[in-house]
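This report refers to the structure that appears directly beneath it.
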Amino acid sequence: MSAPFVHDLIPGRHPAASVPKLGVGLQYNPALIGWFPFLEQPLDVLEVLFDGVMGPLDGPGLMWPGKTNVLDAVAARFPLIGHSNYGGDFGFSPVMSTAAARRHVPLAKRYAVPWVSNHCFYGEESWSDVWSSPLQFSQAEVIRVAERARVLQDLYGVPLAHENAAYYRSCPGSAMPEEEFLAQVVELAGTWLHLDLHNLYTNAANFGARGYSVERFLATIPLERVIVIHMAGGRWFDAFYHDLHDTRVPEPLWELLENVLARASPGAVILEYEAQELVEDGQRLDREATTDAILSDLERARSLWDLAYGPRSRSTTRFELR
Ligand SMILES: [Fe+2]
């Protein structure tokens, strides 16, 4: 714990967020770019991974030159939201030196995103096994992480939401469940939550026998602070269920989404796919079948959104029925 941070933290000081009700969209994932017909879809929103477009920290430009035109084209077509995976947000180097502060903040401003979400990992400078290495869920880390979150949210100037993780082991020194950790961080920092339902599903599949509970998670986090929801798929192998994003959304997640939409009020539901050919019943689908599967999942998500919030509540339907 870093003492100078503590006196700055004033619990309950939540900025009033203006989170637009956008609707249902896709993550603009590099695995799909170039072949998936994004521009032909009635997407309410597109989630951009800042890590994939940012230029080198020691380079002259904010973005890779080749990515600029591509992103400008989709920005002209869809509302964009931002997501930061490898920003070093919660690592141990000074916040102002991180990719989040030096690249993701200006990217968020360039595209005027209404919010940014980040993944709760330490980052590339502290622990190389980024994806399966959760934060240490401890009281000391609540304070350290909340301070960094508050600084980053101030830099962004829009709500910053933290995504719950899928993981395959816990961090040594953890002393509380992830849901309690996240609830305390957002309370201290005045930040927000990005709820990944497939990450909950993954952790329940792997650790349910050891007491992990989706119901307890959802009963513990402040659902009113959830501003975006992720849906994805995965597969079993080597005795673990893996968060691979290479299948359709599993059936139980749809019921969970309906339940959460009735209890929370997110600005978007984002479907995540990270494969050029999805897997179904152990077989790889071809591109055409993969496209159909994604479009079918999108339609299902839109119907649940409309069930919860009405047929005119998405960015693509708000005006057309008048
Ligand atoms: Fe996610």
Separation in nanometres of the label points that stand 7 Å from Cα toward Cβ, at LEU223 and LEU307
1.5
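Run through the stretch 267-322 and list the GluC sites (Glu not before Pro) located in a DSSP loop whose Cβ has at most 12 other Cβ atoms within 10 Å. Don't jump to the answer; show the numbers that get you there.
Numbers: sites: GLU272, GLU274, GLU277, GLU280, GLU288, GLU299, GLU320; in loops: GLU272, GLU274, GLU277, GLU320.
Here the sparse-neighbourhood loop sites are GLU320.
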Hey, what number do you get for the chain at 222 nm if only DSSP H runs of n ≥ 4 count, each worth -39500 (n - 2.57), divided across all residues, to the nearest 500?
-10000 deg cm²/dmol
What distance in nm lies between label points placed 7 Å from Cα along the C-beta direction at PHE207 and ALA140?
2.0
Intensity falloff of the stretch 203-322 expressed as log10 I(q)/I(0), Debye formula with alpha-carbon point scatterers, at q = 0.16, 0.18, 0.21, 0.23 Å⁻¹:
-0.89, -1.06, -1.27, -1.36
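Semi-axes of the equivalent ellipsoid for the stretch 3-309, please: Cα gyration tensor eigenvalues, times 5, square-rooted, ordered largest first, whole Å.
Working: eigenvalues 152, 114, 73 Å².
So the equivalent ellipsoid measures 28, 24, 19 Å along its semi-axes.
In square nanometres, what is one fourth of the surface area of the convex hull spanned by the alpha carbons of the stretch 16-169? The partial results should precede the final answer.
Numbers: hull surface 39.6 nm².
Value for the stretch 16-169: 9.9 nm².
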Contour minus end-to-end for GLU251 and CYS171, with contour as 0.36 nm per residue of separation and end-to-end as the Cα-Cα distance?
25.8 nm
Residue-by-residue Karplus 3J(HN,Hα) for the stretch 40-49, coefficients 6.51, -1.76, 1.60, Hz, glycine and proline x:
8, 9, x, 6, 7, 6, 10, 9, 9, 8
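Evaluated at 37 °C with a viscosity of 0.692 mPa s, what Stokes-Einstein diffusion coefficient in µm²/s does the stretch 186-268 have when Rh comes from the Kirkwood expression over alpha-carbon pairs?
Details: Rh = 13.5 Å.
Roughly 243 µm²/s, to the nearest whole number.
Using 0.36 nm per residue of separation minus the Cα-Cα distance, give me the extension gain between ALA73 and PHE240 in nm, one decimal.
Numbers: separation 167, 0.36 × 167 = 60.12 nm, distance 3.93 nm.
Stretched fully, the ALA73-PHE240 segment lengthens by 56.2 nm.
Read-outs: derived from the displayed coordinates by stated rules, not from any lab. Everything numeric in this text was worked out from a predicted model, so none of it was measured. Cβ coordinates were reconstructed from backbone atoms using ideal geometry, including for glycine residues, and neighbour counts include every protein chain displayed.
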